[in-house]
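Engineer: Here it is, the structure, as structure tokens.
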Amino acid sequence: MAMRQDYCLNFCEMIQNLYEKYVNFDDAIEHCLKEEGEENCQRIYFGSSFCGQHFLHITNKIVSSLAEACMRKGIKLTLVIPTFSERNLDRGKDKIKEFAAFCENCLDEMTVNDFGMLDFVSKNYQVNLNLGRLFMKDYRDPRYEQYFHQILAPKIFTGYLLNLLEQYPITGMEFDPTHEGIDFSAKPEKIQIGIHLPYCYMTVGHICEFASIPVELEKKFRPNIQCQNECMKNLIRYHFDDEYKWMRLGKTIYFWNKSCKIVGTDQIRVIYFPYKWEVAQ
């Protein structure tokens, strides 16, 4: 039986660029779909998986514009919440509340990336709840070819997941294309699986090189320093490997792996990150 694929667009880490580039998000959505040869988009992800600073820079005006486009097109929204530093935690919670209000009619899902936000969202919002990509602790480095060229059985299915499912109303889980293939046959029956394509995040840290660009020398390269979204105007590419395409966006390093083979499930949610078309060029 053919696998059913729900196609979603991932505007995380790039929503500000899209807002500046297009007259409205209707045009941005149509262009992204056209570039990938897709006709329909069921859902759009916005927010950030990796950076609390970036999340806080997203304005209500941008989110309102995205929500209006999604209402016109009948597209649902998923808010992706990063891990916040203690200094920014209260501001982050306020932003979540604001975004939920602006997107009330089309926001039915949130993705969290740490246990604190899992508990906070489950107690304060009536939405479907996803475990984000930072919950998935499988090793990821295609330079180790023997490890990369195999079918991965995700660690989370053999660990603490069952206890989490008993405590929280988790409905979905998001994975990266860490290997040549991934086997989801051990997933709990009620869980919706999402796979981020075509980039796999390889590593993420607390220090952002781009945020240090305008900072005086002795204050550069500090964890979680304030920024002006310098990552939206800068990109680092790595050219040391002909087989894999690598880049650094903000605090995160990614490699290209669009051909990851999915087995063990008859339904998958493709969460496509159109960075190649919309920003990197």
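Engineer: Among (1) within 30 Å of residue 180 (Cα to Cα); (2) in a loop (DSSP other than H, G, I, E, B); (3) polar (S, T, N, Q), there is one condition residue 224 misses while meeting the rest; what is its number?
Structural biologist: For residue 224, the failing item is (1).
Engineer: Could I ask something else about it? With the checklist (1) in contact with a Pro (Cβ under 9 Å, 6 or more places away or on another chain); (2) assigned to a loop (DSSP other than H, G, I, E, B); (3) open to solvent by 20 Å² or more (accessible area, probe 1.4 Å) in hand, flag the one item residue 141 doesn't pass.
Structural biologist: (1)
Engineer: For residues in region 46-84 being of a type in the set (Lys, Arg) and in a helix (DSSP H, G or I), which is nearest to residue 112 (Cα to Cα)?
Structural biologist: Only one residue tops the list, namely 61.
Engineer: Name the single residue, out of those in region 40-63 being in contact with a Phe, Trp or Tyr (Cβ under 9 Å, 6 or more places away or on another chain) and open to solvent by 30 Å² or more (accessible area, probe 1.4 Å), that is nearest to residue 176 (Cα to Cα).
Structural biologist: Among residues in region 40-63 that are in contact with a Phe, Trp or Tyr (Cβ under 9 Å, 6 or more places away or on another chain) and open to solvent by 30 Å² or more (accessible area, probe 1.4 Å), the one nearest to residue 176 (Cα to Cα) is 42.
Engineer: Answer yes if at least one residue in region 234-246 is assigned to a loop (DSSP other than H, G, I, E, B), surrounded by 15 or more Cβ atoms within 10 Å (Cβ to Cβ), on the phi > 0 side of the Ramachandran plot and at pLDDT below 90, and no otherwise.
Structural biologist: No, that holds for no residue.
Engineer: A follow-up question, please. Can we say residue 219 is touching a residue at least 12 places away in the same chain (Cβ under 8 Å) and of a type in the set (Lys, Arg)?
Structural biologist: For residue 219, the condition - touching a residue at least 12 places away in the same chain (Cβ under 8 Å) and of a type in the set (Lys, Arg) - is not met.
Engineer: Tell me, please, whether a residue that is touching a Pro at 6+ places or on another chain (Cβ under 6 Å) and over 18 Å from residue 130 (Cβ atoms) can be found in region 144-163.
Structural biologist: yes
Engineer: Of the numbered conditions (1) within 30 Å of residue 7 (Cβ to Cβ); (2) of a type in the set (A, V, I, L, M, F, W, C); (3) open to solvent by less than 40 Å² (accessible area, probe 1.4 Å), residue 204 satisfies every one except a single condition; which is it?
Structural biologist: All conditions pass for residue 204, except number (3).
Engineer: Pairs please, first residue from region 92-107 and within 18 Å of residue 224 (Cβ to Cβ), second anywhere and assigned to a helix (DSSP H, G or I) and of a type outside the set (A, V, I, L, M, F, W, C), Cβ atoms under 7 Å, 6+ apart in sequence or on different chains.
Structural biologist: Taking only residues 6 or more apart or on different chains, the pairs are 92/52.
Engineer: Can you name every residue in region 9-28 that is open to solvent by less than 10 Å² (accessible area, probe 1.4 Å) and either in contact with a Ser or Thr (Cβ under 8 Å, 6 or more places away or on another chain) or among the hydrophobic types (A, V, I, L, M, F, W, C) (or both)?
Structural biologist: Once the filter is applied, which keeps residues that are open to solvent by less than 10 Å² (accessible area, probe 1.4 Å) and either in contact with a Ser or Thr (Cβ under 8 Å, 6 or more places away or on another chain) or among the hydrophobic types (A, V, I, L, M, F, W, C) (or both), region 9-28 yields 9, 11, 12, 14, 15, 18, 25, 28.
Engineer: Can you tell me which condition residue 226 does not meet? The list is (1) at negative phi; (2) touching a strand residue (DSSP E or B) at 6+ places or on another chain (Cβ under 9 Å); (3) touching a residue at least 60 places away in the same chain (Cβ under 8 Å); (4) of a type outside the set (Lys, Arg), and all the others hold.
Structural biologist: (2)
Engineer: How do the pairs read when you match residues in region 165-192 that are open to solvent by 20 Å² or more (accessible area, probe 1.4 Å) with residues anywhere that are small (Gly, Ala, Ser), using Cβ under 7 Å and keeping only pairs 6 or more apart or on different chains?
Structural biologist: The qualifying pairs are 168/122; 169/122; 183/153; 183/264; 185/264; 186/153; 192/172.
The values are calculated or read from the model by the stated rules, or taken from the named source; none is laboratory data. Note that the coordinates shown come from a computational prediction; the quantities given were computed from them, not determined experimentally. Cβ: placed from backbone, ideal geometry, glycine included. Neighbour counts: every protein chain shown. Calculation scope for accessible area: heavy atoms of the full protein, side chains included, ligands and nucleic acids excluded. Shrake-Rupley method; radii C 1.70, N 1.55, O 1.52, S 1.80 Å.
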